[in-house]
Every structure is written in C-alpha cells, then in structure tokens.
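All of the numbers you see were taken from the coordinates with simple rules; none came from a lab. All figures in this text were calculated on a predicted structure; none of them were measured in a lab. For neighbour counting, all protein chains shown are included, and Cβ atoms are generated from backbone atoms with ideal geometry for every residue, glycine included.
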Protein chains: 4
Amino acid sequence: MTSFDKLIKYFERFPGIGARQAKRFAFHILTLEEPDVVELAELIRTINTSVATCPSCYRFHSIYNDVLHCQICRNESRDRSKLTIVERDTDIDAIERSGTYNGLYFVLGGMVPLLDSHDIKKLRGGTLKHLVAERAEQDLAEIILGFSINPDGENTGRYIEMLLKDTTTKHAITITHLGRGLSTGSELEYADSETIKNAFINRS
Amino acid sequence: MTSFDKLIKYFERFPGIGARQAKRFAFHILTLEEPDVVELAELIRTINTSVATCPSCYRFHSIYNDVLHCQICRNESRDRSKLTIVERDTDIDAIERSGTYNGLYFVLGGMVPLLDSHDIKKLRGGTLKHLVAERAEQDLAEIILGFSINPDGENTGRYIEMLLKDTTTKHAITITHLGRGLSTGSELEYADSETIKNAFINRS
Amino acid sequence: MTSFDKLIKYFERFPGIGARQAKRFAFHILTLEEPDVVELAELIRTINTSVATCPSCYRFHSIYNDVLHCQICRNESRDRSKLTIVERDTDIDAIERSGTYNGLYFVLGGMVPLLDSHDIKKLRGGTLKHLVAERAEQDLAEIILGFSINPDGENTGRYIEMLLKDTTTKHAITITHLGRGLSTGSELEYADSETIKNAFINRS
Amino acid sequence: MTSFDKLIKYFERFPGIGARQAKRFAFHILTLEEPDVVELAELIRTINTSVATCPSCYRFHSIYNDVLHCQICRNESRDRSKLTIVERDTDIDAIERSGTYNGLYFVLGGMVPLLDSHDIKKLRGGTLKHLVAERAEQDLAEIILGFSINPDGENTGRYIEMLLKDTTTKHAITITHLGRGLSTGSELEYADSETIKNAFINRS
C-alpha cells in the first residue's frame, strides 16, 4: 500500500466519510501550500497535548496555563446545584449556544443501546456515581437527563436513574428529563401523538 | 381542449399535484372498472350533500340523520371549558389521534401570514369572536392556540390574542400556547437554541 | 363507511397517493365551486366514452369524429418501417417531445419483471406478435426496444426478442436498443462503469 | 485561537466539510491511539514527497523508485493513438474502473465556466497544446473530450477544440465527444429530450 493509499485509509475512518470523499481529502492535502501542510500535520500530532479531558465533567477542553478543569467547571458563577448529563461534547455546545442553562455538565461518553447493552463498560457510569455521591454531600439538588428523544436515549435515562438511585433517594436529589413538545418548525398535522400529548401537557 | 385535457387540468388543481402526476391520474381513471368510475363520479358530485361544516367548530363532518353538529361538538363528555383553535381540519385529526385532549375545537380556516396579511378576511376571525363571547358567558375558561411553530403560526397566535383581548380580559379566560421542547426523534446536538431553551424550561 | 371515507379510499388508489394526501384531495373537493364539482364528476363518468385505445398502437387517444386510430397512427408522413415498443403511454409523450423519432409505436402495457413473471398475461405480447407478423409482410424493417435501463427493462427486451424471433428472422427485421451513454447532467466521476463503457463506444 | 480551533479551521477547508463536521473530525483525532496520530501526521507532512504529478498526463501518482511518469503513461501496452482529456484525477479513476479504454489521458485541471472564463489561466491549456503538437508528429490520431454533460463541460469542449484547431487540422486528428444516451437507471418517461434524441441516434 502506497503512502497515498494509507492516507486515504485514515480519512476513511473519519466520522461520516466514505471511500470517495476520503480520496478527495487526500487530493486536497496535495493542493495545500507547504507551510499549511506542515502546520496541519503538527496540529494533528500535538493536539493531544493541547487538549485535555476535564477531570470534573469529562469534556475536552484546550489546556491553558496547565489548568486542569475546563472553563465551565472553573466558572464560579455557574449554579453547582444542577448537573446535566449528556452523551457527548457536542451536546454541551448546543446547550451553551442556547444560553439557557447555568449549571454544570457531565459527559457520559455514549448511550446505553436498548438492544445491545454490552458496551456499557465504555461509559463513565462508575465515575458519575462517585461524582454524584461527592456532590450530594455539598449542594447538588437536581440532575437533568439531557439525552436524545429516542429509544436509546430513554434507555440511557433509565440506566442513569437506577445507577444513582441510592444517592438520589438518600439526599432527595431530583432527577428531571428535558421537556418534550413541538420543536421549532413543527407542524401540528405531521407531529406524532407523543409529541402532541406533551405539547398539550406543557402548554403555558 | 379535449375532455381528457380538461380532466388533467382539474387534477392539476389538486393540492401538491403537478402536470405529470395529473396526467397519470387521468390515465388511472381510464383503467378503472365501469362501476368504480360511476361510483367515484357520484361521490364527487354529491360529497357536498353528505358532508357539512359543523356550525360550532367549523370542521367538515359527515352528515348523519340531518344532525347539524359534528360528533365532537355533540359529545357531552367533552370538556366545554377548553377551546383549541387550529388552522385546519387535519390538525384536529392529529390531536384526536394523540388521545390527549378532551375539550372542543375551532377551525380558523388558515393562518395570518407574517408578511402578507391581506387574506385575513378569508379566516373565521369574526365568527370566532362571537363564539368566544357567547361561550365566555357559559363555562369557557381556557383558549389553546394550536398553531404550527413557525413565523406564520406565531403571527396567527398574536392576531387571535388581540382579536379576543376584550372578552378574555373581561371574563378572565386564559390563553395558552402549546408546549415547546424536544420532539420525538430530536437529537440535542442538532436542536435549535429556542427548542433547547424550552426543553430546559419544561423539564420535569 | 361514510361517503367521505369512500371518496378517500378512491383517492388512495390513485398512483403515488397515500392516506394523508387522499384525505387532502377529499377536502379539496369540498372547497370546489358547485359547477366545477359537477363538471369534474361528469368528466370522470364519461372519460371512457371520449377516450379510446388506438387499435393499432394501443395508446389512449381522444376520440374525434368517431375515428378509431390515434393521430400518430393516422399520420401518413410517419415512417412505417420503424416500430418502437414502449411500456406505457407516457413514454410515447416523452419521445414525441424530443422531436427526434418519426416512426410508429406500440404500447406493451407493462414490463416483464426479472423476478416475478407471472403477470406476463396482462401484457399485449400476443397482440404485438400478430401485428408484427402482419406489418412484416408490408414495410416493417426495424423494431426499437424503448424500455428503461434497468433489470426489468432489459428482461422485457429479452422477452420481446424471443417472442418475435421467428418473424424477425424470417423477414430480416432488425431489433435495436436505445443508445446508452452519458445523460444530460451526468458527471463522469459519478457515472457507473456500464454507462462510461457505452459513452466510449458511442463517442462521435 | 486555540490549537483545537486552528485544527477545526483546517478541516473546514476540506472539500464538502462544514463547521459541524470539521469539529467532529477534530474530536475524532482526539480519540485516535498515539501511534495512529503520529502516522497520520507524518503521512500528511510527507505526502508531497511521495506523490508527484506525472509530467505527461498531469495526474497525481505515487512515486516509486524515482520514476517520473505514472503507471498508465509508462504502460507500453496502452494505445498511444488515443488521448482522453478530463477535468480531474477522479475522472480517470472512473474511466479506468469501467475497463473500457486503453488509451492515454491528460488532466486539464478544471473546467472553462460558461459565464466566467477568467480562471482559464489556471488550466493546463498551454501545456496541452504543446503536448498535442508533439504527439501529433508521432502517432496521435484521436482526442476524446471526456467532460461532464453540462454547460461548463460543453464550453470546455469548445475551448479545447479551438485551442487545438491548428494542430488537429494539420495532422487530421479527430476530436470526439463521449456518447450520450440513457444512463443506467434512466426511465424513458423522465428523460430529457436531448438524452432521448441521442438514445435514438445511438441505438444499436
């Protein structure tokens, strides 16, 4: 296998990229100016040293002055009584963009699939359990399950509820689910019954 | 223009149908058995006499024993303190399918477009105003705006609120909007900020 | 079942129409003016009497002065040495729009599916065989297989070739297939190998 | 801007990649094992030294033993009397996959847009002219215009014909276009008139 083919193989492993687009990426690299090629290669080689996982919420963040925790976890104005558990980093970005939530986060690292739960070990369930037990002694009052509205998301929610049951019961911590209803652009005529039901329940 | 071309023109006026599909419909009619052709023609010719507009909610309903009002409006177990205003008949079907609402309805007959409001006369605004004034004297307590979540739907909501303001203020009738949040199948990462905001507000 | 539901059932049988759009069609009929409803019903009821199948090419055509044959078959300037066999009427429309062909047609009435050939009796194979035998005595020189480029179209082509083999051999009638190559809008990069192969073979 | 953001910016410049997917790529890099990260970075940094432009056909090819020309141009069994001019490397891949052509290629490096021809300098028109003049003295007999079937492709074809006119006239070199007709999957009913016209002309 030539270097060119090896490079294409790496691009094929990029999320959502097939053989044809991987090849286009390789051709794209060939058209870059030398300084750009060097910088891109260097960024890829060293990105692990400039990005770290926050030891509190487990999201990736750029390291700055050897500070371990991410900007959100360090921010003292955030409301420490609330903890939203999400599947992955990009969910946090979406919530932050909405400018609506001022609590903390925890990145679980994946979902618990409804049909195939053997990958549960890859998730940070144990870590979450310890963290919640610790925070429960302080000021944690509400855990928000920030998962997608589909069978896997619901299954993950049930898993988290069981996992944390002892602690949440003992410390009277509330577990809440994100509100359901009509999304932006929803047309009543095409909405499913579950969504309409929630739209009526959550009317205001 | 031949009869065949005339028939195609009628089919082109069917909602969502272009020239090509209209032609296919005409060919389809030619393949029907004689009794079916006769029955279809008769159904079209007489549908107006077997379907009427309910004089209370203004949705179409099949006439049965010369009863004027539709099944929902006649149903005494429906909660007359609630009135949901929708754009069109099919919205009622969607809500009924969800089995979540037990009040009454009113079909406005369209939206008030944000940018072009000259078609407002085609809507049943005046009729609604009278109906609400009348019901307000009885047991009406809540008006639910059941419009789509888009600029026209929101504009129609504002129009209805202004239209009914005097009556709702005088009789302390609440006007509510359908709850917003994550719909079935929504992924947090791809949700817009407004939807995420409502999902957090409506969490439970 | 109410008349309204019956009408919806008829619309559901229209090609490409599902339950939801069928309902919209029924509501559309309710919004038509009385004279339009009457005319549409009458057109549907009588379309069979104003449209006939041409006894030569078997396409539908509007009857005019009790003339049996369609305009194309009656047109003496058309080249009777060529016969294009197509699946359905709308294929003839597409070919006529291109203004490139001056021969005659025959509507087979369907395809011979590759995997399930039990519907072969619904096709006009026998009629075609007789017609070609008759024309072969006159001036028929070329039969053009005007089928879609997919497995069923190719299978139908093979069926026709076998069906007419005796006659075409005896009278030295050529059977041709429509040329393959790059269609309008085709990009070389995304074309399949068979299409590229034909594009090179048919280069000019 | 952090290193992470810089890396995302590079990925945003990849063909067909938006901000969101660029971010996913960056997260993907973070999940790679150390040896993979190092190899990927090294491949990107050095790809220019292992891939070269063939000085004859101008496509990219992996350098092997310091051989300058690509495998196709070096292959003595290829038919040197034919030269297919294409827009880009991936077009050659598609043609080679079809296994139908045994001549040589030339990568023009782009199209001549119908409406905006100021980028013509970026194309290898001058190089092509010299190459054809040289080959014309040897055994070149046919130039095949292998461009997409759209206005820009046709315009590029006209540009090439004018560019090479003197040489092709003097040496009686034929210029051909790829054959047009029905592509795999084409349905007659939906084909445009130009495609149907060519399908009839190229019937066989």
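Summary of values
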quantity: Cα-centred dipole magnitude for region D:3-51, charges only on beta-carbon of K, R (+1) and D, E (-1), debye, nearest 20; calculated: 400
quantity: Amide H within-cut-off set for C:Ser183, under 5 Å, with H built and near neighbours excluded; calculated: D:Gly181, D:Ser183
quantity: Degrees between helix B:19-31 axis and first principal axis of chain B (Cα, 0 to 90, nearest 10); calculated: 60
quantity: Interchain or long-range residues, amide H under 5 Å from D:Cys70's placed H; calculated: D:Ser56, D:Cys57
quantity: Computed helical MRE - 222 nm, the protein assembly as shown, DSSP H runs ≥ 4 contributing -39500 (n - 2.57), nearest 500; calculated: -14500 deg cm²/dmol
quantity: Angle in degrees between helix B:89-98 and the longest Cα principal axis of chain B, rounded to the nearest 10; calculated: 60
quantity: 7 Å along Cα→Cβ, label-point gaps from B:Ser77 to other copies, nm, shortest first; calculated: 5.5, 7.4, 8.2
quantity: Other protein chain Cβ atoms within 10 Å, averaged over every residue that makes up B:17-24; calculated: 3
quantity: Viscosity 1.567 mPa s, 4 °C: Kirkwood-radius Stokes-Einstein D of region A:76-201 over Cα pairs, µm²/s; calculated: 82
quantity: A:Asn150-A:Tyr190 FRET efficiency (beta carbon distance; Förster radius 22 Å; 0.05 resolution); calculated: 0.80
quantity: Residue order, fewest to most surrounding Cβ atoms within 10 angstrom, among D:Ser98, A:Ser186; calculated: D:Ser98, A:Ser186
quantity: For region C:149-204 versus region C:17-77, the gap between their alpha-carbon centres in whole angstrom; calculated: 33
quantity: Range of Cα positions in region B:49-144 per principal axis (Å), largest first; calculated: 41, 35, 27
quantity: Over region D:69-124: Rg over Rh, Cα atoms, Kirkwood Rh; calculated: 1.05
quantity: Calculated Rg and Dmax of region B:1-102 using C-alpha coordinates, Å; calculated: 18.5, 55
quantity: Cβ-Cβ FRET estimate between C:Asp116 and B:His171, R0 fixed at 41 Å, reported to 0.05; calculated: 0.05
quantity: DSSP beta bridges in the protein assembly as shown [antiparallel fraction, %, rounded to 5]; calculated: 20
quantity: P(r) weight above 11 Å for region A:3-51, C-alpha pairs, percent; calculated: 69
quantity: Under-29-angstrom lysine pairs by C-alpha in chain B, whenever the two are 8 or more apart or on separate chains; calculated: 19
quantity: Chain D, relative contact order in percent, only Cα pairs under 8 angstrom and at least six apart counted; calculated: 13
quantity: Footprinting exposure proxy for D:Val51, C:Val112 (fewest neighbouring C-beta atoms within 10 Å first); calculated: D:Val51, C:Val112
quantity: C-alpha long axis of helix A:125-137 to longest principal axis of chain A, angle in °; calculated: 50
quantity: Of C:Asp116, C:Asp79, C:Asp91, the one that fluctuates the most in a GNM where chain C has Cα springs shorter than 10 Å; calculated: C:Asp116
quantity: Fraction of antiparallel bridges per DSSP, chain C only, in percent to nearest 5; calculated: 20
quantity: Residue-averaged beta-carbon neighbours from other chains (10 angstrom radius) around B:84-97; calculated: 4
quantity: Full-extension gain in nm, C:Val67 to C:His130, via 0.36 nm per residue minus C-alpha separation; calculated: 20.4 nm
quantity: Phi to ³J(HN,Hα) by Karplus 6.51 cos²θ - 1.76 cosθ + 1.60 over region C:40-56, Hz, x for Gly, Pro; calculated: 4, 4, 5, 4, 5, 5, 10, 4, 4, 7, 9, 10, 10, 8, 5, x, 10
quantity: Label spacing, shortest first and in nm, from B:Ile175 to its equivalents in the remaining copies (7 angstrom along Cα→Cβ); calculated: 4.1, 7.0, 7.3
quantity: HN-Hα J in Hz across region D:100-110 - Karplus 6.51, -1.76, 1.60, θ = phi - 60°, x for Gly and Pro; calculated: 10, 10, 10, x, 9, 10, 9, 8, 5, x, x
quantity: Using θ = phi - 60° and Karplus 6.51 cos²θ - 1.76 cosθ + 1.60, couplings along region D:183-195 (whole Hz; Gly, Pro as x); calculated: 7, 4, x, 5, 10, 3, 4, 9, 6, 6, 4, 5, 5
quantity: Kirkwood-based shape ratio for the protein assembly as shown, expressed as Rg/Rh from alpha carbons; calculated: 1.04
quantity: GNM result for chain B, Cα springs below 10 Å: residue of B:Val37, B:Val132, B:Val107 fluctuating most strongly; calculated: B:Val37
quantity: Extreme residue, positive dipole direction of chain C, given options C:Leu32, C:Thr167, C:Gly109 (C-beta unit charges); calculated: C:Thr167
quantity: Interchain or long-range residues, amide H under 5 Å from B:Gly103's placed H; calculated: B:Asp79
quantity: Near-label residues of region C:24-61 by backbone N, under 18 Å of a point 7 Å along Cα→Cβ of B:Thr46; calculated: C:29-30, C:34-35, C:37-46
